[in-house]
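The values are calculated or read from the model by the stated rules, or taken from the named source; none is laboratory data. Because the structure is predicted, anything quoted here is derived from the model rather than measured. Backbone-built Cβ (ideal geometry, glycine too); neighbour counts: all protein chains shown.
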Amino acid sequence: MEVFSANMTQQVTSKYQPLFLPITFPNGIQLPNRFSLNPITLNASTSEGYVTDADVAYAKRRAKSAPLQITTAAYIEEYAQLFEYGPSVRNDTYIKGLSRLAKAMKASGAKAILQLTHAGRFARISLKDFGVVYGPSEMHLNSPVKHEVLAMSQRKIHHVIQQYADATRRAIKAGFDGVEISNAQRLLPQQFFSKFSNQRTDEYGAQSIENRARFGVEVMQAVQRVVDEEHAD
């Protein structure tokens, strides 16, 4: 057993003291400290992606936990779904439930962020429901079952980019303070960036880092345009 002296305790406290200091973002929004409540998947929404009382109750219980709070993955279209009972933001019918969630997250003064997600070739719920998934390139996969990944046409790429933008507009209408474009768990933006999953030969292909990054950059640009148009902070 290690016993900490008063001096050691003071050193540890001093080391982590910056975490408790306020932080101001370039847009002027200030948080009282550097802590955040990161995405936690509850699988508590309906099978169609509507926010439930259980989602809201969890948000209320955690409202005081951190000044910056991020939802679980909210999928932006039917073929984007990662979790079976995750929330969706794919059309305007979801705004009402999402506004309840945002209000609960902000009840104690926190800033609420909606995580926007497209699972691409890992959209296992879409595979189960529709028998198809798509990604940057055609692939033949064996997990979770043997299946084909359809290559996205450029028209589909532009459509998905617009879906990110539309989802951002809905997040603003629902009262969220920001959005997070999720790249975790090898989701669609990362699939374009990966030389394994991206075998394209067009401007979204793997020939250069600029081309591999193009999809993600264009998603961010589309999201930022909506923020500017809506005059959101």
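Would you be able to tell me the number of residues in the stretch 146-179 that are small (Gly, Ala, Ser) and either touching a Leu at 6+ places or on another chain (Cβ under 6 Å) or part of a helix (DSSP H, G or I) (or both)? Steps first, please.
Taking the stretch 146-179 as the starting set, the residues that turn out to be small (Gly, Ala, Ser) are 151, 153, 165, 167, 171, 174-175, 178.
Right, trim to either touching a Leu at 6+ places or on another chain (Cβ under 6 Å) or part of a helix (DSSP H, G or I) (or both) and you get 165, 167, 171, 174.
Summing the residues that are small (Gly, Ala, Ser) and either touching a Leu at 6+ places or on another chain (Cβ under 6 Å) or part of a helix (DSSP H, G or I) (or both) in the stretch 146-179 gives 4.
Which of the following residues is in a helix (DSSP H, G or I) and of a type in the set (Gly, Ala, Ser): Ser126, Ser143, Ser137, Ser197?
On the way: Ser143 fails: in a helix (DSSP H, G or I); Ser137 fails: in a helix (DSSP H, G or I); Ser197 fails: in a helix (DSSP H, G or I).
Matching residue, one of Ser126, Ser143, Ser137, Ser197: Ser126.
Conditions tested, residue by residue: (1) crowded, with 22+ Cβ neighbours inside 10 Å; (2) among the hydroxyl-bearing types (Ser, Thr, Tyr); (3) farther than 30 Å from Asp92 by Cβ.
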{"position": "Met139", "(1), (2), (3)": "no, no, yes"}
{"position": "Asn142", "(1), (2), (3)": "no, no, yes"}
{"position": "Met152", "(1), (2), (3)": "yes, no, no"}
{"position": "Lys156", "(1), (2), (3)": "no, no, no"}
{"position": "Ser182", "(1), (2), (3)": "yes, yes, no"}
Which residue pairs have Cβ atoms closer than 6 Å, lie 6 or more positions apart in sequence or on different chains, and pair a first residue in the stretch 208-233 that is farther than 14 Å from Gly178 by Cα with a second residue that is surrounded by fewer than 16 Cβ atoms within 10 Å (Cβ to Cβ)? Asn211/Glu203
Test Gln207 against the criterion of being loosely packed, with under 15 Cβ neighbours inside 10 Å, within 25 Å of Gly97 (Cα to Cα) and out of contact with any helix residue (DSSP H, G or I) (no Cβ under 8 Å at 6 or more places or on another chain), and give yes or no. no
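Looking at Ser108, Ser45, Ser88, Ser99 in this structure, which one is touching a residue at least 40 places away in the same chain (Cβ under 8 Å), more than 12 Å from the chain's Cα centre (by Cα) and surrounded by 23 or more Cβ atoms within 10 Å (Cβ to Cβ)?
Working: Ser108 fails: surrounded by 23 or more Cβ atoms within 10 Å (Cβ to Cβ); Ser88 fails: more than 12 Å from the chain's Cα centre (by Cα); Ser99 fails: surrounded by 23 or more Cβ atoms within 10 Å (Cβ to Cβ).
None of the others qualify; the one that does is Ser45.
Condition (residue is over 22 Å from Ile172 (Cα atoms) and modelled with pLDDT of 95 or more) applied to the stretch 89-111: is it met by at least one residue? It would help to see each step written out before you state the result.
Within the stretch 89-111, the subset over 22 Å from Ile172 (Cα atoms) is none.
No, the stretch 89-111 contains no residue that is over 22 Å from Ile172 (Cα atoms) and modelled with pLDDT of 95 or more.
Residue by residue through the stretch 30-84, note down the ones that are touching a Leu at 6+ places or on another chain (Cβ under 8 Å), part of a loop (DSSP other than H, G, I, E, B) and within 13 Å of Ile113 (Cα to Cα). Talk me through it step by step, then tell me what you get.
Looking only at the stretch 30-84, we keep the residues that are touching a Leu at 6+ places or on another chain (Cβ under 8 Å), and these are 31, 33-37, 51, 54-56, 58-59, 62, 65-76, 80, 82.
With the extra rule that they be part of a loop (DSSP other than H, G, I, E, B), the set shrinks to 33-35, 51, 62, 65-67, 76, 82.
Correct list: Ala66, Pro67.
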